[in-house]
Structures are given as structure tokens and as C-alpha cells.
Amino acid sequence: MSGDAGPGGGTPGWRGDSGEGDAAQRVLAPQPPHPHAYVVFGAGARQKDVDRFCAAHTLGGVPYHVPFSAHPVGVSVMLLGGFGFLSRLHGLSIDNLVEAEVVLADGRIVIVNESEHPDLWWGLRGGGPALGIATRYIARAFPVPVVFAGNLIYRFHRATAPSLLRHFRDCVKGAPRELYANVLLTAGPADKDSLVVIQMCFVGPKERGLAYLQALSAWGGERCLLAEVHEKTFLTQQDSVAQVLRGRPGNQWFIRSALISALPDDVINSTVLEFADTPVGCSECRPCPCPSSPSPNCAPDADDEAHRAAWLFELAGGAIADDADGTCVPKTQREAAFTIAALHQWEMGVDDPRCVATAEDWLRETIRPVACGGSFPSFFGRREAPARVRASFGANWERLVAVKKRYDPTGVLRNTFWPLDSDGAEIDPATHEPAEPVFELAENL
């Protein structure tokens, strides 16, 4: 992995304040010398690897970062969407991909960019692994000297949670592009409180972001359990989602996502009621009230770690809608007001259909009236239904099918989200995945 930022690049320098120091203690950030830079990285790299590189190799003392999703996902979001803390300011990950080296289904290795293979360039950014295997990326990175970010945490009560969600919605209406915000419902086991977490990330210093924190924290319906919002490096902020979800190795994961045009009161009310009735066995999620510095007094039990779930509303808009025609992700998706997602995690030994059905029912019954089709492709879960995949590409679907037919006519790249076989017929989503390996114990060893 290497950085390519022109003259002056690659010099380690100021990396921002990662603590809660006040303005008098904080090191003043230098002015960025360039509007953007370029970063080159290979397939298989984790976003965290790229972010660490960018934080360590500054330009004029300022770290430049690629607009990624939050950790811990991989760099494949460069082809599938990539919605994160910088997206409202600088666009999706696919909007900041400049070039890719791609292995095609027939074995050829090609360079794909705006002028070389333009039809593949359009389809690759969104269609991703269904069209080719990327082995190298060049992406734009933008100066992020500091962010003002963190969480507001409240107990979840079905009587007051609708008011909190409405307050969040009204506060972020008309927000500047520098502001990222989400609200997360987290279900707890039977003997633990569920929580509502509001997360904000203002791309800039505290002085400019404080007004938005004050607005979000002005809700008086419940006592705020914890308000931990402060200046930090972008690298530190990228870990914040993983700290809240705290995935456990070996657990099953299920995700369903959508894009919505509005967040009306009836959707909020129904969401809260449905979430309050989510079954315990497959949806336990109790983020530590102190995610930046957990203490033994608030650490979850081992059983709590085994089951997690979250229903999420993320503010969309901003720069995401600027590039409406450059990629296969359509205008209807880019102009959505919010992204929503249900993320469920549970033990491998649990076999309860409600672990999936509760999320599916929420999207089908409550979210559908305000949905803009499917999700961003980077939010595709396992075994997505063909209709949901088509809906995610909207009016661009037929053109994307033609690009697929040109570059992979025999369906070599089939262990992906692509819902059609080489003849254009829909396939069972279960066939997207290779068969489970069979292991046999060797005798006489």
C-alpha cells in the first residue's frame, strides 16, 4: 500500500488530538496544502490499514483520508458504495475511486478509469465483484485535521423513544454537509436496559460543531446516561461503530438495509413498537455506556457478548447526490434522506427464525411505504432476494445487465450478489455462496 499525493507527500506530522483536551491545550491544526490527494492500495487491505497509513503519512502536517465506511469492513466498499462519516461532505467511496486494476472473467487484466473501458467504469462502481476482481485501487483522499464526534446515550423506553427519534430527525433537517449523524436502537436481554444511541461526527473543530451537539442534546424526555463528544482524530472516530457493535468472532451476522425518502411520525412510532418486541434470544445488544474507555463496572457479561442487534437510521444526502449519473447507483438512491439498517448477531448454535424475520418484517411492513427501492450495494446482506438487488439499481438495472453480459457472459463471477444466471434467469440467493467445505479426520496419524 502506498500514498501518492504529489510533492511534499509522505512526511509524518501532526495527527490531531485523540483525547478530550480543551481548546487551550489542543494543538492548532495547520492549513491543508492541497484540496485532495491520492492513495494507492491493493486488494485485501482493510480500511483500517489504509486509514492508519493516511494518519501516519501527512501532507503539510495534515492527515488526508479516503471517504470510507467505518471500521472494520474491507476496501471492497470502493466498488460497492461505501457510506461513512465523510460521505455527506465528499460523496460515497465509489465516487472517490479514480482508477482500478481489474481481473476480468476471461483472465485479462485491465486498467479501468474514466477514459479506459468507460462502460465497465460506470458499472464497476456499484456492481463491483459481479463484473471483475479488483487488485489495485487509486482513490481520492481529503484533508481531515480533526473531527468533533461522539455519542449521546439514553435508556430505551417505548413511551419516550418516539419523541427522541423525532427530536433527532428535526435537529438534522437542513444540516450542513460537514455533519454526519445517526440514531441507533439497541435491544438488550430480558434483565438489561435497551438503549438509544445518537452518534454525531462534525468534520471540523469543536468551535464549529458545538451548536449541533447542543441541539441534539437538548431533548429533555429522559436523562442522558452519557455524553462523550469531543475532538479526536478521524482515525479514532473510524473505530467508533465497531466499539458500539462489538462483534464476536464465530457469531452469525444478518443485515438488511434500505434507503428512505423521509422519516414520518408513523414510521417512527411503528419502529419503536416493533423494536420493543424484538425476541431476546437473537437480538441482545448492550453497548457499554463508556465505549471510548470501558470500565469493569459497565462491561457486559459473557452472555451479553453473544447476542447483538441494532436498528439504525443514518442521515444521508449532501454530496452523495452530486454524482447522479457517473455510476450505476441511481439518482433515486442517492437522493434518499436516510439509510436504515437492521444488524443482528447471534450465536452459531441458535436456530430461531425470528432472528431474521423481525428485520425482514420491519423493512417489508413499516419501512416499505417510504423506501426508495433497495439499499446501497455495500449494505447487501447474505442471500439478498433478486427483487431487492434490482431495486437497488433502479432505472440503471437494464444497462448494468448489459455490462455484465459483455464482461462476464458465462457467469464466471457468480459467488456475488448477482441475481441472474448466464441466461438471464433468476437464481436462488443461496447459490451465491460456495458449498461449505467438508472436513474428515485423517486416520493413523
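Based on Cα atoms of the range 89-240, Rg over Rh with Rh as the Kirkwood radius reads 1.13.
What is the set of long-range amide H partners of Thr58 at a cut-off below 5 Å, with H atoms built 1.01 Å from backbone N? Distant-sequence amide H within range of Thr58: Gly10, Thr11, Gly13. Distant-in-sequence amide contacts of Ala141, defined by a placed amide H-H separation under 5 Å and a gap of 5 or more residues or a different chain, comprise Ala37, Tyr38, Val39. For the range 65-79, backbone phi angles converted through the Karplus equation (6.51, -1.76, 1.60; θ = phi - 60°) give residue-by-residue couplings of 10, 7, x, 10, 6, 6, 4, x, 6, x, 6, 4, 4, 4, 10 Hz, Gly and Pro being listed as x.
Pairs Lys48/Lys192; Lys48/Lys232; Lys331/Lys405; Lys48/Lys405: which are spaced more than 26 Å apart, C-alpha to C-alpha? Present the calculation step by step, with values, prior to reporting the outcome.
Numbers: Lys48/Lys192 32 Å; Lys48/Lys232 16 Å; Lys331/Lys405 23 Å; Lys48/Lys405 34 Å.
Pairs exceeding 26 Å: Lys48/Lys192; Lys48/Lys405.
Taking only the alpha carbons of the range 63-162, we obtain Rg and Dmax values of 17.5, 59 Å in that order. Altogether, the Stokes-Einstein calculation at 20 °C and 1.002 mPa s, with the Kirkwood radius of the range 26-114 over Cα pairs as Rh, returns a diffusion coefficient of 149 µm²/s.
In this structure the amide hydrogen of Val412, modeled in the peptide plane, comes within under 5 Å of no amide hydrogen from residues 5 or more places off or on another chain.
Read-outs throughout are calculated quantities, based only on the coordinates presented, and are distinct from any laboratory measurement. Here the structure is a predicted model, which means the values were calculated and not measured.
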